[in-house]
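Participant: Got a structure here, written out as structure tokens. Questions coming.
The values are calculated or read from the model by the stated rules, or taken from the named source; none is laboratory data. If you're wondering where the values come from, they're calculated on a predicted model, not measured in any experiment. Note: ideal-geometry Cβ built from the backbone for every residue, glycine included; neighbour counts use all protein chains shown.
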Amino acid sequence: MIDGFTDDHPRVHEAKEIFRPLYRLYSGAFIDVAFDHFLANDENEFTDASLLAFSQKVYRLTEQNTTWFPAKFAGMFPYMKRQNWLYDYRKRQGIFNSFEGLVRRAAYMSESLPAVQLMLDNYDYLRACYGKFWPELKAFAEVQYHQLSEKENP
């Protein structure tokens, strides 16, 4: 539901157009990472300390489910935790590292530097797209949560 809302949102479509000429179908993945950066820096959602605490909590909760990890994630998770990738979304270099990881895992991409330059050149525009998208996604998610809660606890 949330993925569908995100995929259909006009601000997400607008933001994808920045990356689409060079990265085509992967443009959505670059926007996901860019929006994670803006969320990590959204003062209405996180302070520096609260993002750090949140990331540590996510790692602790995730570790409780290691038996369910797919093999690739099981191999990656120790690095993710040790290098604190979730917190690093706050930093531009963390986003650029994520872009590099996207390119490395993709079959038809070979270079992340153009994505970095696109992000830098369009930083304010992408942040504005996030700023219009995030409150609507958050409201949608809250409605979905309440509907699911009502189904479980009539």
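Participant: From (1) at pLDDT below 95; (2) within 24 Å of TYR23 (Cα to Cα); (3) among the hydrophobic types (A, V, I, L, M, F, W, C); (4) surrounded by fewer than 17 Cβ atoms within 10 Å (Cβ to Cβ), pick out the condition that doesn't hold for MET80.
Facilitator: Only one criterion is unmet by MET80, namely (2).
Participant: Moving on. Given the condition buried (at least 17 other Cβ atoms within 10 Å of the Cβ) and within 15 Å of TRP134 (Cβ to Cβ), answer yes or no: does some residue in the range 55-77 qualify?
Facilitator: no
Participant: I'm trying to understand the selection: among the residues of the range 121-154, which are outside any helix (DSSP H, G or I) and either modelled with pLDDT under 95 or loosely packed, with under 13 Cβ neighbours inside 10 Å (or both)?
Facilitator: ASN153, PRO154
Participant: Name, by its number, the condition in (1) without any contact (Cβ under 8 Å) to a residue 24 or more places away in the chain; (2) over 22 Å from ASP3 (Cα atoms); (3) surrounded by 12 or more Cβ atoms within 10 Å (Cβ to Cβ) that does not hold for GLY28.
Facilitator: So GLY28 meets the others, but not (2).
Participant: Could we say that ILE31 is under 25 Å from TYR108 (Cβ atoms), aliphatic (A, V, I, L, M) and in contact with a Lys or Arg (Cβ under 7 Å, 6 or more places away or on another chain) here?
Facilitator: Yes, satisfied.
Participant: When you check ALA49 against the structure, is it in contact with a helix residue (DSSP H, G or I) (Cβ under 9 Å, 6 or more places away or on another chain), assigned to a helix (DSSP H, G or I) and not hydroxyl-bearing (Ser, Thr, Tyr), yes or no? Working first, answer last.
Facilitator: Values: in contact with a helix residue (DSSP H, G or I) (Cβ under 9 Å, 6 or more places away or on another chain): no; assigned to a helix (DSSP H, G or I): yes; not hydroxyl-bearing (Ser, Thr, Tyr): yes.
Judged against the criteria, ALA49 is not a match.
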